[in-house]
1. Scan around residue B:17 for amide H atoms under 5 Å from its own, H built in the peptide plane at 1.01 Å from N, and keep only partners 5 or more places away or cross-chain.
2. Give me the dipole magnitude in Debye, nearest 20, for the protein assembly as shown about the Cα centre, with unit charges on the beta carbon: positive for Lys and Arg, negative for Asp and Glu.
3. Just the number, please: carbon plus sulfur as a percent of the accessible area of region A:1-62, 1.4 Å probe, no ligands or DNA/RNA counted.
4. Within a Cβ distance under 13 Å of residue A:96, other residues only, what is the Lys/Arg minus Asp/Glu net charge?
5. Quick check: convex hull over the Cα atoms of region A:42-95, volume per residue in Å³, rounded to an integer?
6. For labels at residue A:39 and residue A:99 in the simple 7 Å Cα→Cβ model, what's the distance in nm?
7. What are the ³J(HN,Hα) couplings of region A:50-66, residue after residue, when phi is run through the Karplus curve with 6.51, -1.76, 1.60 and θ = phi - 60°? Round to Hz, x for glycine and proline.
8. Along Cα→Cβ at 7 Å, what distances in nm separate the residue B:31 label point from those on the other copies, shortest first?
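The values are calculated or read from the model by the stated rules, or taken from the named source; none is laboratory data. The structure presented is a predicted model; accordingly, all values stated were derived computationally and were not measured. Note that each Cβ is placed from the backbone with ideal geometry, even for glycine, and that neighbours are counted across all protein chains shown. For accessibility, only protein heavy atoms count, side chains too; no ligands or nucleic acids. Shrake-Rupley method; radii C 1.70, N 1.55, O 1.52, S 1.80 Å.
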There are 2 protein chains.
Amino acid sequence: MLNKSPDLNHLFHALADPARRAMVARLTLGPAPVSELARPLPMSLPSVMQHLAVLESAGLVSSHKVGRVRTCAVQAEALQLAEQWISATRRQWERRLAE
Amino acid sequence: MLNKSPDLNHLFHALADPARRAMVARLTLGPAPVSELARPLPMSLPSVMQHLAVLESAGLVSSHKVGRVRTCAVQAEALQLAEQWISATRRQWERRLAE
C-alpha cells in the first residue's frame, strides 16, 4: 500500500533545507562552481559540500570536476518528479471538491 | 540571502516520508478518521499519530475531535505552497534554457 518511492523521499528531504533550496535556485540560472554556490551561504565550505552531497544523492544536482574546480548543474527531471507528485495530489483533491 | 521560510522546511520535511504521503493522498479523497488513515499503514497507531503530528505542524492536515473520533482533512493551500516553490524554480530553469 505504501508507495516507498525512495526518489520522492530523497527529493523532498533534500528540498526541506533553506541552504539546499538556495543552491538549487542559484543553479536554475546556470551551472556554477562550488565556490560560487558557497559564497552567499552563511556556512563553511565543508557544510556546503555536505548539502551538495544530499542534493546529488537525491538526483537534484550533478557535478563534475575539472582540475580543482567542481562545477554543479541542476537536474530538472528530479524537480519535475517532486512537482508531479504534489500537483497530482492537489488535482485529486480538486476533483473531489468538484464532485 | 537564505530564504528561511519555515513553512517550506516543514512542508518538504513532512512530504519526505511514504506513510505521510499516503495519509495526504488518502485525505485528498475526503476527510477521514485516524483509524481509517491507520488501517492500510504497516505501523502502530501511536506511530500514525506521530506522523499525523508532523503533517499538522506543517499545515498539511487539520483535525478535530468529536467524542472519541478524531477526523482529519487535507489543507490544500499548504500543498499549493510547496508546488509553487518547485514550479517557480523549474520555470526559472526553463527560462534560462530558452535564452
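1. Hits under the 5 Å cutoff: none.
2. It comes to approximately 160 debye.
3. 58
4. Neighbourhood net charge equals +2.
5. It is 95 Å³ per residue.
6. 5.3
7. Each residue's phi maps through the Karplus curve to give 5, 4, 4, 4, 5, 5, 5, 6, 7, x, 7, 9, 10, 8, 9, 10, 10 Hz.
8. 5.3
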